[in-house]
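The values are calculated or read from the model by the stated rules, or taken from the named source; none is laboratory data. Quick caveat: nothing in here was measured; it's all calculated off a predicted structure. Here the Cβ is made from the backbone with ideal geometry for all residues, glycine too, and neighbour counts use every protein chain on show.
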Amino acid sequence: MSLRLTDTDATVAVGHRLASLLRAGDLVVLTGGLGAGKTTLTRGLGEGLGVRGAVTSPTFVIARVHPSLRGGPELVHVDAYRLGGTAELDDLDLDADLDAAVTVVEWGAGLVEGLADDRLEITLVADPATEERRLEARGVGSRWAGTDVEAHLRGDGGTP
């Protein structure tokens, strides 16, 4: 699937819609260049999940945990950009929180696939001349079988 996002507000709105699709135990792997909108999408996701604290880039702290304000799953937001490999990822002990949280890993492709058999892989590509982005999503594993992620993110349905 491919979805066109016209601006930052559209990216946040897709994050909101994504939140209603996710549940505890879900792993989301975000890929895209600098400024592609990974943290913006995660901010919308955090707002949609109703978590505490502003969702900002965890680049320097590597990982942030945002507890739910509504009794839902917490959001674990990870930036793997500065990690040197799977050994440093293991040090974060993400698999300990995986079942109880929605875990979003920016720059995680090639590092986090071993954390879960099921994951949602999202790639964001920014147009350098505009604020537009293209979002591509792919569900991996039985968790995502039969779920129309594209329709859900577009806002016209899909089976959660």
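Among the residues making up the stretch 99-137, a single one is closer than 21 Å to Ser20 by Cβ, modelled with pLDDT under 90 and of a type in the set (D, E, K, R): Asp99. The requirement of being of a type in the set (A, V, I, L, M, F, W, C), without any contact (Cβ under 8 Å) to a residue 40 or more places away in the chain and farther than 20 Å from Leu45 by Cα is not satisfied by Leu115. Just to be sure I understand the filter: pairs with C-beta atoms under 7 Å, separated by 6 or more residues or on different chains, first member in the stretch 23-36 and touching a residue at least 12 places away in the same chain (Cβ under 8 Å) and surrounded by fewer than 24 Cβ atoms within 10 Å (Cβ to Cβ), second member part of a loop (DSSP other than H, G, I, E, B) and not charged (D, E, K, R). Which pairs pass? Close Cβ pairs (under 7 Å, with a partner that is part of a loop (DSSP other than H, G, I, E, B) and not charged (D, E, K, R)) amount to Arg23/Pro73; Ala24/Pro73; Thr31/Ala109. Ala80 - would you say it is in contact with a Phe, Trp or Tyr (Cβ under 6 Å, 6 or more places away or on another chain), more than 18 Å from Asp99 (Cα to Cα) and at pLDDT below 90? Yes, satisfied. Taken together, Leu75, Leu89 contain a single residue that is modelled with pLDDT under 90 and either part of a strand (DSSP E or B) or more than 15 Å from the chain's Cα centre (by Cα) (or both), which is Leu89.
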